[in-house]
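J.: Following this message is one structure expressed as structure tokens.
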Amino acid sequence: MGKRLFVSVDLDGLADEVAAVQERFSSASGLNVTDPEGAHVTLKFLGDTDTERVDALVDELAAAVADAGVAPFECEFGGLGVFPSLDYISVVWVGTRSGGEELTRLHEAVEERTTAMGFDAEDHDFTPHVTVARMDHAGGKELVQEAVREGDPDVGRLAVEEIRLKESVLGPDGPTYDTVERFPL
């Protein structure tokens, strides 16, 4: 049995600010907001991973952090966006106002090490973002479009001092995230 793993920067201490942004469109039909306590920037989604591979993965992620050469930095989160487009919304996200360059360097180093291990390469360009909602159907699309067009919320600043290997455990109320390992910058 494998673990559903991903690599992230967690928005520790910003749950209330994330929840406040979600309030802008939480009444939209067809939209499921994410748990603000679990808010994070995904640097790499690894998916189902054999438990035997975790030790090797931990070693490679530690090496990736060294490769990236990124010192602890401040990241500022704000603004709203969607994937793939405002006409067809599947994900609503908060972006980065600063710190995106460092997040991208960390992503690229993690991507290089994990694809060398045989994990799937990303099939799209990396956009540092925090998923705050997912759209199941387009019932409330206009409300979401309006929130994105009109809204430029500030979510806050975060001192990024580590990346984390996380396990996503799917439950009846959505996923919960457990930290498997921490990698200081």
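J.: In segment 133-144, is there at least one residue being part of a helix (DSSP H, G or I), at negative phi, of a type in the set (D, E, K, R) and out of contact with any Asp or Glu (no Cβ under 9 Å at 6 or more places or on another chain)?
T.: Residues of segment 133-144 part of a helix (DSSP H, G or I): 138-144.
Remaining after also requiring at negative phi: 138-144.
Applying the additional criterion that residues be of a type in the set (D, E, K, R) yields 141-142.
Of the ones still in play, those that are also out of contact with any Asp or Glu (no Cβ under 9 Å at 6 or more places or on another chain) are 142.
Yes, segment 133-144 has at least one match.
J.: Here are THR127, THR179: which of them is outside any loop (DSSP other than H, G, I, E, B) and among the polar types (S, T, N, Q)? Break it down into steps so the answer makes sense when it comes.
T.: Values: THR127 fails: outside any loop (DSSP other than H, G, I, E, B).
The conditions single out THR179.
J.: A follow-up question, please. Of all residues being out of contact with any Gly (no Cβ under 8 Å at 6 or more places or on another chain) and of a type in the set (D, E, K, R) in segment 49-82, which is surrounded by the fewest Cβ atoms within 10 Å (Cβ to Cβ)? Just the residue, please.
T.: Taking segment 49-82 and keeping what is out of contact with any Gly (no Cβ under 8 Å at 6 or more places or on another chain), we get 52-72, 82.
Within this subset, residues satisfying the condition of being of a type in the set (D, E, K, R) are 52-53, 55, 59-60, 67.
Working: GLU52: 8, ARG53: 17, ASP55: 10, ASP59: 12, GLU60: 18, ASP67: 16.
Only one residue tops the list, namely GLU52.
J.: Would you call THR104 in a loop (DSSP other than H, G, I, E, B), over 18 Å from VAL33 (Cβ atoms) and under 17 Å from the mean Cα position of the chain (by Cα)? Explain how you work it out, then say what you get.
T.: Details: in a loop (DSSP other than H, G, I, E, B): no; over 18 Å from VAL33 (Cβ atoms): yes; under 17 Å from the mean Cα position of the chain (by Cα): yes.
Taking the combined requirement at face value, the residue does not satisfy it.
J.: Also, I was wondering about something else. In segment 83-138, which residues are farther than 18 Å from SER8 by Cβ and among the aromatic types (Phe, Trp, Tyr)?
T.: TYR88 - this is the single residue of segment 83-138 that is farther than 18 Å from SER8 by Cβ and among the aromatic types (Phe, Trp, Tyr).
J.: Just one of (1) more than 25 Å from ASP16 (Cβ to Cβ); (2) touching a Gly at 6+ places or on another chain (Cβ under 8 Å); (3) at pLDDT 95 or above trips up VAL160, so point out which.
T.: Exception for VAL160: condition (1).
J.: With (1) under 19 Å from the mean Cα position of the chain (by Cα); (2) acidic (Asp, Glu); (3) surrounded by fewer than 16 Cβ atoms within 10 Å (Cβ to Cβ) as the list, and GLU146 as the residue in question, which single condition is left unmet?
T.: Among (1) under 19 Å from the mean Cα position of the chain (by Cα); (2) acidic (Asp, Glu); (3) surrounded by fewer than 16 Cβ atoms within 10 Å (Cβ to Cβ), GLU146 violates only (1).
J.: Looking at ALA63, ALA56, ALA71, which is the one that is within 20 Å of PRO184 (Cα to Cα), aliphatic (A, V, I, L, M), assigned to a loop (DSSP other than H, G, I, E, B) and at pLDDT 95 or above? Explain how you work it out, then say what you get.
T.: Details: ALA63 fails: assigned to a loop (DSSP other than H, G, I, E, B); ALA56 fails: assigned to a loop (DSSP other than H, G, I, E, B).
After ruling out the rest, the residue left standing is ALA71.
J.: While we're here: Name the residues in segment 20-33 that are in contact with a helix residue (DSSP H, G or I) (Cβ under 8 Å, 6 or more places away or on another chain) and assigned to a loop (DSSP other than H, G, I, E, B), would you?
T.: The answer is ARG24, PHE25, SER27, ALA28, SER29, GLY30.
J.: Now, a different point. Those residues that are under 21 Å from the mean Cα position of the chain (by Cα), in contact (Cβ under 8 Å) with a residue 24 or more places away in the chain and assigned to a loop (DSSP other than H, G, I, E, B), I need them from segment 111-124; list them, please. Quick ask: steps written out before the conclusion?
T.: Just the residues of segment 111-124 that are under 21 Å from the mean Cα position of the chain (by Cα), to begin with: 111-115, 119-124.
Add one more test, that the residue is in contact (Cβ under 8 Å) with a residue 24 or more places away in the chain, and what stays is 111-114, 119-120, 122.
PHE119, ASP120, GLU122 - these are the residues of segment 111-124 that are under 21 Å from the mean Cα position of the chain (by Cα), in contact (Cβ under 8 Å) with a residue 24 or more places away in the chain and assigned to a loop (DSSP other than H, G, I, E, B).
The values are calculated or read from the model by the stated rules, or taken from the named source; none is laboratory data. Bear in mind that the values here come from a model prediction, so they are computed numbers and not experimental data. FYI the Cβ positions are ideal-geometry reconstructions off the backbone, even for glycines, and counts take in every protein chain you see.
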